[in-house]
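Accompanying notes for the structure given below.
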Amino acid sequence: MTPFRLGTRGSPLALTQARMVADALRAAHDWPADAIETVVIRTTGDRVQDRPLAEIGGKALWTKELDRALLTQEVDACVHSMKDVETIRPAAIAVAAMLPRADVRDRLLGAESIEAIPHRAVVGTSSPRRRAQLLHLRPDLRVVPIRGNVDTRLAKLAAGEVDATLLAAAGLDRLDRPTVGAAIPTDVMLPAPAQGAVGVEVRADDAHALALVAAIDHADTHRCVAAERALLAGLGATCHSPVAALASLAGETLRLRASLLDEDGADEVCAALEGTGPEVGTELAAELLDRAPPAIRQLFQA
């Protein structure tokens, strides 16, 4: 059998997520260990670590090299953290599956809670969402950019370059660090849209790969993430746009909560809406933009 080629970034977390996808595919199809080949592709986002993502090209820095490898048939599928995937994707690429979603929360490192962060402390994050949410809750804090993989950020915290930082709980759990940091409840800080979800993309015209990968799709995760991504599309959100969202399911009812903030967290608009499909994201985006003050609305392109 010709190995199924799985493209991935080379960071420890990306490789862990690729192994999760490979294990799921082997289990679903009763494949032997050598049935899948992992192909590591170095991205611009991995190479450029000294500037915030929004300043140097946004989420495409994580995907464009993987997209190229997929479309030139160097790989059969690509594994992504869905929160790092641009909202509008090429028509030639399809999200064929998502794994069951992990912990969606952020974890705070350096303090037991946001309230416990020392007055005027320095907090490192390059996420516009996290920056705005932190300053909304604690306007006394100084928020500075910080980039790098999990180990790099932990090293900067340990070296005293920052007093605290935030990381996704899902990534820490997948790297076997379940006790690192204090989880922030979602009613305090909503996560990024699609946080905690791992997706697998294939060529849209590759029926064979679509069928193979669809076998590992977690339908509930896919529904929730599709609604959150529809919200982003409806907002015209970019990497500069502080937006948080989380969808949940109760039976067939999908409930989407979201908040938009200005860059410094002074203004915030929140809303929730129920529905059954991704259109709830489009409808909630329109409601939020209609209610948002000019300082927030100008950060979105819709």
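Residue pairs, Cβ under 9 Å, 6 or more apart or interchain, first in region 270-285 and farther than 15 Å from residue 223 by Cβ, second of a type in the set (S, T, N, Q) and surrounded by 22 or more Cβ atoms within 10 Å (Cβ to Cβ). List them.
Within 9 Å, the pairs are 270/259; 271/259.
Mind checking whether some residue in region 170-184 is among the basic types (Lys, Arg), at pLDDT below 95 and out of contact with any Gly (no Cβ under 8 Å at 6 or more places or on another chain)?
Yes, region 170-184 contains a residue that is among the basic types (Lys, Arg), at pLDDT below 95 and out of contact with any Gly (no Cβ under 8 Å at 6 or more places or on another chain).
Could you give me the residue pairs with C-beta distances under 9 Å whose first residue belongs to region 74-94 and is more than 14 Å from residue 21 (Cα to Cα), whose second residue is among the basic types (Lys, Arg) and outside any strand (DSSP E or B) wherever it lies, and which are 6+ apart or on separate chains?
74/68; 83/59; 84/59; 85/59; 85/229; 86/59; 87/59; 87/229
Residues in region 225-238: is at least one outside the structural domain of residue 19 (by TED's automatic domain parsing), surrounded by fewer than 20 Cβ atoms within 10 Å (Cβ to Cβ) and at pLDDT below 95?
Yes: region 225-238 contains one or more residues that are outside the structural domain of residue 19 (by TED's automatic domain parsing), surrounded by fewer than 20 Cβ atoms within 10 Å (Cβ to Cβ) and at pLDDT below 95.
Hey, residue 284 hits all of (1) in a loop (DSSP other than H, G, I, E, B); (2) buried (at least 18 other Cβ atoms within 10 Å of the Cβ) but one; which does it fall short on?
Single failed check for residue 284: (1).
Within region 83-104, is even one residue modelled with pLDDT under 95, β-branched (Val, Ile, Thr), out of contact with any Phe, Trp or Tyr (no Cβ under 8 Å at 6 or more places or on another chain) and closer than 29 Å to residue 144 by Cβ?
yes
Checking residue 38 against (1) modelled with pLDDT of 95 or more; (2) part of a loop (DSSP other than H, G, I, E, B); (3) surrounded by 15 or more Cβ atoms within 10 Å (Cβ to Cβ), which test does it fail?
(2)
Take residue 248 and decide whether it is within 25 Å of residue 101 (Cβ to Cβ) and either of a type in the set (Lys, Arg) or crowded, with 21+ Cβ neighbours inside 10 Å (or both).
Judged against the criteria, residue 248 is not a match.
Do the conditions hold for residue 12, that is, is it at pLDDT 95 or above, surrounded by fewer than 17 Cβ atoms within 10 Å (Cβ to Cβ) and touching a helix residue (DSSP H, G or I) at 6+ places or on another chain (Cβ under 8 Å)?
Details: at pLDDT 95 or above: no; surrounded by fewer than 17 Cβ atoms within 10 Å (Cβ to Cβ): yes; touching a helix residue (DSSP H, G or I) at 6+ places or on another chain (Cβ under 8 Å): yes.
When the stated conditions are applied, residue 12 does not pass them.
What are the residue pairs meeting all of these: first residue in region 21-34, first residue of a type in the set (Phe, Trp, Tyr), second residue surrounded by 11 or more Cβ atoms within 10 Å (Cβ to Cβ) and at pLDDT below 95, Cβ atoms under 8 Å, and 6 or more apart or on different chains?
none
Name the residue, out of 147, 129, 142, 138, that is outside the structural domain of residue 13 (by TED's automatic domain parsing), surrounded by 21 or more Cβ atoms within 10 Å (Cβ to Cβ) and either out of contact with any Pro (no Cβ under 7 Å at 6 or more places or on another chain) or of a type outside the set (Val, Ile, Thr) (or both).
129
Only one residue in 220, 205 is farther than 26 Å from residue 151 by Cα and part of a loop (DSSP other than H, G, I, E, B), so which one is that? Outline the logic, then answer.
On the way: 220 fails: part of a loop (DSSP other than H, G, I, E, B).
205 is the lone residue from the list that is farther than 26 Å from residue 151 by Cα and part of a loop (DSSP other than H, G, I, E, B).
Checking the condition assigned to a strand (DSSP E or B), touching a residue at least 40 places away in the same chain (Cβ under 8 Å) and crowded, with 20+ Cβ neighbours inside 10 Å, which residue from 241, 259 passes?
Result: 259 is the single residue among 241, 259 that is assigned to a strand (DSSP E or B), touching a residue at least 40 places away in the same chain (Cβ under 8 Å) and crowded, with 20+ Cβ neighbours inside 10 Å.
Given 61, 6, which one is surrounded by 15 or more Cβ atoms within 10 Å (Cβ to Cβ), modelled with pLDDT of 95 or more, in contact with a Ser or Thr (Cβ under 9 Å, 6 or more places away or on another chain) and among the aliphatic types (A, V, I, L, M)?
6
The values are calculated or read from the model by the stated rules, or taken from the named source; none is laboratory data. Keep in mind it's a predicted model, so treat the numbers as computed, not measured. Cβ coordinates were reconstructed from backbone atoms using ideal geometry, including for glycine residues, and neighbour counts include every protein chain displayed.
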